Amino acid sequence: MKFTEEHEWLEAEGDLVIVGITAYAAEQLGDLVFVELPDVGTEVAKDDEVVVIESVKAASDILAPLDGEIVEVNEALTDEPTKVNEDATGDGWMFKMKLTNPSDMDNLLDEDAYKALIA
Amino acid sequence: MSGDKQTSLHGLHVELGAKMVPFAGYDMPVQYPMGVLKEHLHCRAAAGLFDVSHMGQVLIRPKSGDVADAARALETLVPVDVLGLGEGRQRYGFFTNEAGGIEDDLMIANRGDHLFLVVNAACKDADFAHMQAGLGADCDLEMIEGRSLLALQGPAAEGALASLVPAATDMKFMDVAVLDWNGCELWISRSGYTGEDGYEISVPDGQAEELARALLALEAVEPIGLGARDSLRLEAGLCLYGNDIDSDTSPTEAALNWAIQKVRRTDGARAGGFPGADRILAELAGGAARKRVGLRPEGRAPMRGGTILFADETSTTPIGEVTSGGFGPTIQGPMSMGYVTAENATIGNTIYAELRGKRMAATLTKMPFTPANFKR
């Protein structure tokens, strides 16, 4: 699993990557009450706003971690946003994307580097 | 660390794992490990304990010794029937200004030979100065130091408090009483700000933690932070001073006419005689140009404070603004309150909010969003 400084995690699944927010980010945000997912097929560039989430406290944008295409979204979050708080790196995944340059993954943080970031 | 003040329960909050935030000059718990959603639901299902010690507690003692003189004096600052408030009873009120706006909202209790007030934390110093100037000639005022304030709210609150203080059961909604607990004097009111039955309990600082621990030791009681306090009061349709009412909002605009008794209105025995009476009395009779309303957004996206409201999907002239909004855990959906122009303020009306560049529909809804559960 790889991480971004924006507190997202990415995990390779075949030629796709699964993207979500980290347990640390979910804890900081508090209980999520709303998730607005992107349309499947959307082409995104790194740092585009792709997901809107709202917690009990405030609204936040989730940015595209890398360039690519959104190929699947976790529709279950629409009705049960708190899945993100309960299982941020499992059932709380947000979308799957096909990366324009799969090797971009290599430039992201590994788990140790991410742990150091939030320490 | 911040320079924020701490309540006498600060150490307990930290021990319980609370996330602390600055609020009105105090370092307060916004949530405990349970989290805002579960805390909210727990309070509606059982009982929640809140630390509201940051709020101001004020005693008004009449120099004459006759509480009616204190009541008459306070009536010069609030458009409320204080003289008619019976001994051992409490009622909601607000300080008004010369422009007819609301300077703060508060609870007023008649305790036999004096009045006891609870005012908002952020306003307490200004309120005290305002009262000193207005009432100082007839009354001695005291801002209570050395007492904490706890709120115990929810359907299990009565059973919980009665296990420590049996006489609490005999109190009805808006009763106040001084009751003994382990030799210490508790000033209790049967009220709160969640829409649930419950109590507010003023306790000496030295016994506050012991009382909190005794309540938290009960199966039904969990500690609740400011986050859930906000969603509970919003579901209950209650105003947060500084968000939903402020020095520019009049009582009629704020849909608080119910808090101004007939005796203080035009043709009442003690009509007027409070700051801003000209405007406030005129609006009581003829209405105001805008009105506070409840909103239920379609879909799940919350419409938060500051969101601009429109009559339809295309018009460019706003009709109002959201003042508080969020997710209602009990109603399982978003809810807001805000102000719209009087001609758009009909319950059932669909209006539109501009949310992230899109117009989203919302229905004007009667408040409270959840039925109140008071013990009348």
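Rule-based calculations on the coordinates, nothing more; no lab input. This is a predicted model, so every value here is computed, not measured. Cβ placement follows ideal geometry from the backbone for every residue including glycine, while neighbour counts extend to all protein chains displayed.
Hey, any idea what the orientation-averaged projected area of the convex hull of the stretch B:39-190's Cα atoms comes to, in nm²?
In nm², the orientation-averaged hull projection of the stretch B:39-190 is 9.7.
Ranking B:Met131, B:Ala68, B:Gly35 by how far each Cα lies toward the positive end of the dipole of the stretch B:1-136 (charges on Cβ) leaves B:Gly35 at the top. Let a ≥ b ≥ c be the square roots of the eigenvalues of the Cα gyration tensor of the stretch B:210-340; is it rounded (a/c under 1.5), or, if not, prolate (a/b larger than b/c) or oblate? Verdict is oblate for the stretch B:210-340. Placing +1 on the Cβ of every Lys and Arg and -1 on the Cβ of every Asp and Glu, with no other charges, gives the stretch B:1-63 a dipole of roughly 300 debye about its Cα centre.
Using the count of nearby Cβ atoms within 10 Å as a rough guide to exposure, how do B:Leu164, A:Leu10 rank from fewest to most?
Going from sparsest to densest Cβ surroundings: B:Leu164, A:Leu10.
Taking all Cα-Cα distances within the stretch B:289-367, those exceeding 14 Å account for 53%. The distance from the alpha carbon centre of the stretch A:77-102 to that of the stretch B:261-306 is 45 Å, rounded to a whole number. The value for chain A of Rg(Cα) / (2.2 N^0.38 Å) is 0.97.
Kirkwood hydrodynamic radius of the stretch B:130-269, from the reciprocal of the average inverse Cα-Cα distance over all distinct pairs: 17.5 Å. In the stretch B:1-93, how does Rg compare with the Kirkwood Rh, expressed as the Rg/Rh ratio over alpha carbon atoms? For the stretch B:1-93, the value is 1.13.
Only alpha carbons enter this Debye calculation for the stretch B:192-264, each as an equal point scatterer, and the log10 of I(q)/I(0) it gives at q = 0.13, 0.25, 0.26 Å⁻¹ is -0.59, -1.22, -1.26. Its relative contact order, with pairs defined as Cα atoms under 8 Å and 6+ residues apart, puts the stretch B:90-225 at 19 percent. Summing Cβ point charges (Lys, Arg +1; Asp, Glu -1) relative to the Cα centre of chain A gives a dipole of roughly 200 debye. Out of A:Ile21, A:Val73, A:Thr100, whose Cα points farthest toward the positive end of the dipole of the stretch A:2-100 (charges: +1 Lys, Arg; -1 Asp, Glu; placed on Cβ)? Ranked along the dipole, the leading option is A:Ile21. Pairs of Cα atoms nearer than 8 Å and 6+ residues apart set the relative contact order; for chain B it is 18 percent. Given +1 at the Cβ of Lys and Arg, -1 at the Cβ of Asp and Glu and no other charges, the dipole of the stretch B:232-369 around its Cα centre is 340 debye to the nearest 20. Across the stretch B:98-112, coupling constants 3J(HN,Hα) worked out from phi with the 6.51/-1.76/1.60 Karplus curve, θ = phi - 60°, read 4, 7, x, x, 9, 8, 5, 10, 7, 10, 10, 10, 9, 10, x Hz, and Gly and Pro carry x. A:Asn85 sits among other residues whose Cβ lies under 9 Å from its own Cβ, and their net charge, with Lys and Arg +1 and Asp and Glu -1, is -3.
Name the residue, out of B:Gly326, B:Gly306, B:Gly357, whose mean-square fluctuation peaks in a Gaussian network model built on chain B with Cα pairs under 10 Å. Of B:Gly326, B:Gly306, B:Gly357, the Gaussian network model singles out B:Gly357 as fluctuating most.
In terms of overall dimensions, the C-alpha atoms belonging to the stretch B:287-327 reach 30, 25, 15 Å along their principal axes, ordered largest to smallest. The convex hull of the Cα atoms of the stretch B:225-296, projected and averaged over all directions, covers 5.9 nm².
Using the alpha carbons alone, the radius of gyration of the stretch B:1-288 stands to its Kirkwood radius in an Rg to Rh ratio of 0.96. Pick out, from B:Ala345, B:Thr307, B:Gly325, the residue whose Cα sits farthest towards the positive end of the charge dipole of the stretch B:289-367, with +1 on the Cβ of Lys and Arg and -1 on the Cβ of Asp and Glu. Checked the options; the winner is B:Gly325. For the protein assembly as shown, the alpha carbon positions stretch 85, 56, 37 Å along the principal axes, listed from largest to smallest.
Cα centroid distance between the stretch B:108-164 and the stretch A:5-51, in Å? Rounded to whole Å, the Cα centres lie 48 Å apart.
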